[in-house]
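The values are calculated or read from the model by the stated rules, or taken from the named source; none is laboratory data. These numbers come from a predicted model, not from an experiment. Heads up, the Cβs are rebuilt from the backbone with ideal geometry, glycines too, and the neighbour counts pull from every protein chain shown. Ligands, DNA and RNA are excluded from the accessible area calculation, which covers all protein heavy atoms including side chains. Shrake-Rupley method; radii C 1.70, N 1.55, O 1.52, S 1.80 Å.
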Amino acid sequence: FPVTIQENKIISSKSPIAVIERKAELKKEIVDLESSLEKEIDMLIRKIEKNPESVSQNKILATKEKLIKLEGEIRTRKELVKFLESLGKNRTELKRKLSKESEITKYVNLINNIFSSSKSGRSENSKAIDAAFNIKGETSTNPRKLRIAKSKILTSA
């Protein structure tokens, strides 16, 4: 399932356990995505430091696009975790919040907003990626700027 449908099904199920499990899954996905992003940046840094001429414009553009996509996935999942945590700390709190049908519709709309804003908006982290790749109007990058973008993304809440 696409993530939105999955989140909406979990909320609509009104199951506190499903919410708790999904929160744990999302946290694991965040760790995995951050690891992928870190590996991608480190790989590009190593290639540039070893032999800058061997890194083509296409490789740089492809890596930039991949990093922006990964950053968006991380950001969306972090927002979802925040939202799910706002529903309650334990089963009792969750059960109370999920028991009202009118609230379920509101929650589904909030989830949809998280997804639409993460797809449309440019975060500070995606701007950091852009900055790392746009140097003096060229399509290039340098290791220092990549390290800055990586640390910014991996330390953001």
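Quick look at the numbers
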| item | result |
| --- | --- |
| Extreme residue, least open to solvent (accessible area, probe 1.4 Å), among residues of region 38-52 that are under 19 Å from Lys127 (Cα atoms) and of a type in the set (Asp, Glu) | Glu40 |
| Qualifying residue in region 14-37 (condition: closer than 18 Å to Ile153 by Cβ, open to solvent by 60 Å² or more (accessible area, probe 1.4 Å) and among the β-branched types (Val, Ile, Thr)) | yes |
| Close pairs from region 103-127: first among the charged types (D, E, K, R) and modelled with pLDDT under 85, partner open to solvent by less than 20 Å² (accessible area, probe 1.4 Å) and part of a helix (DSSP H, G or I), Cβ under 8 Å, at least 6 apart | Lys119/Gly72 |
| Subset of region 53-112 (residues that are among the small types (Gly, Ala, Ser), within 19 Å of Ser12 (Cβ to Cβ) and crowded, with 17+ Cβ neighbours inside 10 Å) | Gly88 |
